[in-house]
Amino acid sequence: MSRYHFPDHFIWGAATSSYQIEGAPEADGKGESIWDRFTRSGGNILDNATGDIACDHYRRYEEDGQLMAGLGLQAYRFSISWPRLFPEGGGRPNKKGLDFYRRLVDQLQGFNIAPFATLYHWDLPQALQDKGGWTNRDTAKYFAEYAAFTFENLDLPVRGWITINEPWVAAFLGHAMGLHAPGWTDFNLALAAAHNLLLGHGLAAQRFREQGRKDEEIGIALNLAPIPPFSESEEDRAAARRTDGFMNRWFLDPLLEGAYPQDMVDLYRRHFTLPPVEEGDMEIIGGPLDFLGINNYTRHVVRAGDSESDLTGNFVNPPESEYTEMGWEVYPRGLYELLSRIGRDYGPIPLYITENGASFPDQLEEDGTVNDQARINYLQSYIFEAWQALEEGAPLKGYFVWSLMDNFEWTFGYSKRFGLIYIDYQTLERRWKNSAYWYRKGISRNGLDL
Ligand code: FCB
C-alpha cells in the first residue's frame with residue numbers, strides 16, 4: 001500500500017447547487033427562475049421531474065450542515081439562487097432570501113467549513129429571461145449588481161466566490177441545443193449568451209476588486225475536458241482542435257488572455273453571427289482572477305464528420321473504456337492532462353477542481369448501507385491524477401466532489417445519483433454511502449491509500 005499526501009493547506013470539499021437541492025421554489029418571496037419555468041413546461045425533463053422539492057435543503061440545511069461536519073469537509077461549494085435575493089432580477093433585494101444564505105454560511109463557519117459560493121448556477125430570474133435573458137447585454141449588468149450586493153451583504157466572509165458555473169453549458173445547452181433552460185435552439189443566440197455570461201463574470205469580478213475584499217478570492221468554474229483526436233489523420237486532428245476551440249478555448253482564452261481564439265473567430269464568422277463585443281469588453285473579461293475552477297468528469301474523443309463545416313465532428317466512445325451511468329467515459333488521466341495543460345498554455349494560475357464525481361446506479365440495501373465501490377474507484381483514480389499533477393508543480397489548491405448528496409440532475413431528473421450521501425426521495429432521509437466514509441478517511445489523512 002502506498003500513501004499519497006497532499007500539501008498542508010490543500011482543501012477538501014464537496015459541491016452542490018441551489019436548484020438541484022433546495023426545493024421551496026416559492027418560499028420567503030423567491031421569484032421564479034428559468035429552471036422553474038423550464039421544468040414545469042412539460043416534456044423537457046425525464047419523468048417531468050421538477051426541483052420543487054429536490055432534497056428539501058432549504059428547510060433541512062441544518063441537518064445537511066451536520067452531515068458536512070460529520071464528513072470532516074473543509075469547504076462546501078454551494079450556489080446562491082439569484083431569484084431568492086432579487087425576485088425580479090434587479091431592483092429591491094429580498095431580505096428573507098439573503099437571510100437563508102446568512103444562516104447557512106454562519107453554520108458553516110461554526111463547523112470550520114470554508115464557504116465557496118457560486119453566484120450563478122443556471123437559475124436566472126425569469127423576469128430577466130422575459131427581457132431576453134443572457135442574450136441581452138443588460139443581464140450582465142444586472143448580474144454585476146446582484147454580485148456586488150451579495151459580496152457586501154453576506155455578513156461572514158465567504159472564502160471563495162465563483163461567478164458563473166460552466167458558461168459553456170449555460171450558453172450552448174441552453175440556447176443552441178435546447179436541452180437546458182431556457183430551451184432555445186439558435187447557435188447565434190448561444191454565442192451572444194456566452195459573451196454576456198463572460199461579461200457578467202468580468203463585471204462582477206471588477207465590483208469585487210472595487211470593494212477591496214482581501215480575505216476572499218474570486219474565480220469562475222469552467223467545464224473542461226481533454227479533446228483528443230480519434231486518429232492521427234489530419235481530418236480528425238482538425239475536428240478535435242475545433243471542438244477544443246468550441247468547448248475549452250472559447251472560454252479559457254478570453255478569461256486568461258483577454259481575446260477569443262482567432263481560429264474559432266474565423267470559423268464562426270463564416271457560419272454564424274459573431275457575438276456583439278463592444279469596446280473594452282475583452283479587458284473586463286480578461287481581468288485578474290484569483291483562481292480558475294475546473295469541473296471535469298470525462299474526455300471527448302473526436303472523429304471528423306462528413307463535412308468540413310461540421311463544427312465538432314463526432315464523439316467516439318472507446319470500446320475498451322469504462323462508462324458511468326451518464327454514459328461518460330471514466331478517464332482519470334484527463335484530469336492530470338488538464339491540470340498540466342492550463343499551466344503550459346496559460347501560465348501558473350491557481351486552480352481548484354470545483355467539480356469531479358460520478359453517477360452510478362446506487363442500491364440502498366435493507367440494512368441502510370449503499371455499497372458504491374465504483375464511485376470510490378472513480379474518485380480515487382481521479383484524485384490520484386490530481387496528486388500527480390501537484391507533484392509536478394500544478395498550483396492546485398483544492399478539490400470538490402460533485403456532489404455532497406444525490407440531487408436533481410437537470411434533464412435527467414432524479415434518475416442519476418452523484419452524491420456521497422444517498423437521498424431517499426420518498427422520505428427525504430439522508431444515508432451515508434460507502435464513498436462518504438471513504439472520503440472522510442481521505443480528508444482526515446489528507447491523502448489517499450492505494
Ligand atoms: C455539471 C454541473 C452540475 C452537475 C454535474 C453532474 O455540469 O455543473 O450541476 O449537474 O455536471
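Here are some notes:
- Among the residues listed as E385, E365, the single one being charged (D, E, K, R) and touching a Pro at 6+ places or on another chain (Cβ under 7 Å): E385
- Extreme residue, farthest from the ligand (Cβ to nearest atom), among residues of the range 109-141 that are surrounded by 23 or more Cβ atoms within 10 Å (Cβ to Cβ) and aromatic (F, W, Y): W134
- When D266, D253 are checked against the criterion of being exposed (fewer than 14 other Cβ atoms within 10 Å of the Cβ), away from the ligand (no atom under 16 Å from the Cβ), more than 18 Å from the chain's Cα centre (by Cα) and at pLDDT 95 or above, D266 stands alone in meeting it.
- Residue within the range 108-120 that is assigned to a helix (DSSP H, G or I), hydrophobic (A, V, I, L, M, F, W, C), under 24 Å from E63 (Cα atoms) and touching a residue at least 40 places away in the same chain (Cβ under 8 Å) present: yes
- Exclusive hit being closer than 25 Å to I443 by Cα and either within 20 Å of the chain's Cα centre (by Cα) or not in a helix (DSSP H, G or I) (or both), set A389, A358: A358
- Looking only at residues of the range 58-86 that are without any contact (Cβ under 8 Å) to a residue 60 or more places away in the chain and not basic (K, R), we find that the one that is surrounded by the fewest Cβ atoms within 10 Å (Cβ to Cβ) is E62.
- Residues satisfying the stated conditions in the range 290-313, i.e. polar (S, T, N, Q), at pLDDT below 95 and out of contact with any helix residue (DSSP H, G or I) (no Cβ under 7 Å at 6 or more places or on another chain): S307
- Within the span defined as the range 403-411, one or more residues are among the hydroxyl-bearing types (S, T, Y), within 22 Å of the chain's Cα centre (by Cα) and surrounded by fewer than 21 Cβ atoms within 10 Å (Cβ to Cβ).
- Breaking point among (1) within 16 Å of the ligand (Cβ to nearest atom); (2) under 16 Å from E22 (Cα atoms); (3) in contact (Cβ under 8 Å) with a residue 24 or more places away in the chain, for G419: (3)
- Extreme residue, farthest from G132 (Cα to Cα), among residues of the range 21-76 that are in contact with a Pro (Cβ under 7 Å, 6 or more places away or on another chain) and of a type outside the set (G, A, S): Y76
- Condition check for N296: polar (S, T, N, Q) and within 23 Å of the chain's Cα centre (by Cα): yes
- Of the criteria (1) touching a Phe, Trp or Tyr at 6+ places or on another chain (Cβ under 8 Å); (2) closer than 30 Å to S41 by Cβ, which one N136 fails: (1)
- Taking (1) away from the ligand (no atom under 16 Å from the Cβ); (2) not in a loop (DSSP other than H, G, I, E, B) in turn, V158 satisfies each apart from (2).
- Of all residues making up the range 347-372, the number that are more than 15 Å from the ligand (Cβ to nearest atom) and either within 16 Å of E392 (Cβ to Cβ) or of a type in the set (A, V, I, L, M, F, W, C) (or both): 7
- Of all residues in the range 21-54 being touching a Cys at 6+ places or on another chain (Cβ under 8 Å) and at negative phi, the one that is nearest to the ligand (Cβ to nearest atom): I21
- Residues in the range 423-435 that are part of a strand (DSSP E or B) and away from the ligand (no atom under 16 Å from the Cβ): R430, R431, W432.
- From the list R242, R303, R213, R209, the one residue that fits, being under 20 Å from A171 (Cβ atoms), more than 16 Å from the ligand (Cβ to nearest atom) and not hydrophobic (A, V, I, L, M, F, W, C), is R242.
- Close contacts from the range 1-26, counting a first residue that is free of Cβ contacts under 8 Å to residues at least 60 places away in the same chain and a second that is part of a loop (DSSP other than H, G, I, E, B) and among the hydroxyl-bearing types (S, T, Y), with Cβ to Cβ under 7 Å and a gap of 6+ residues or different chains, come to E22/S81.
- Total residues in the range 1-22, condition buried (at least 18 other Cβ atoms within 10 Å of the Cβ) and either at pLDDT below 95 or in contact with a Leu (Cβ under 9 Å, 6 or more places away or on another chain) (or both): 9
The values are calculated or read from the model by the stated rules, or taken from the named source; none is laboratory data. Computed from a predicted model, the values in this text were never measured in an experiment. Methodologically, a virtual Cβ is constructed for each residue, glycine included, from the backbone with ideal geometry; neighbour enumeration extends over all protein chains shown.
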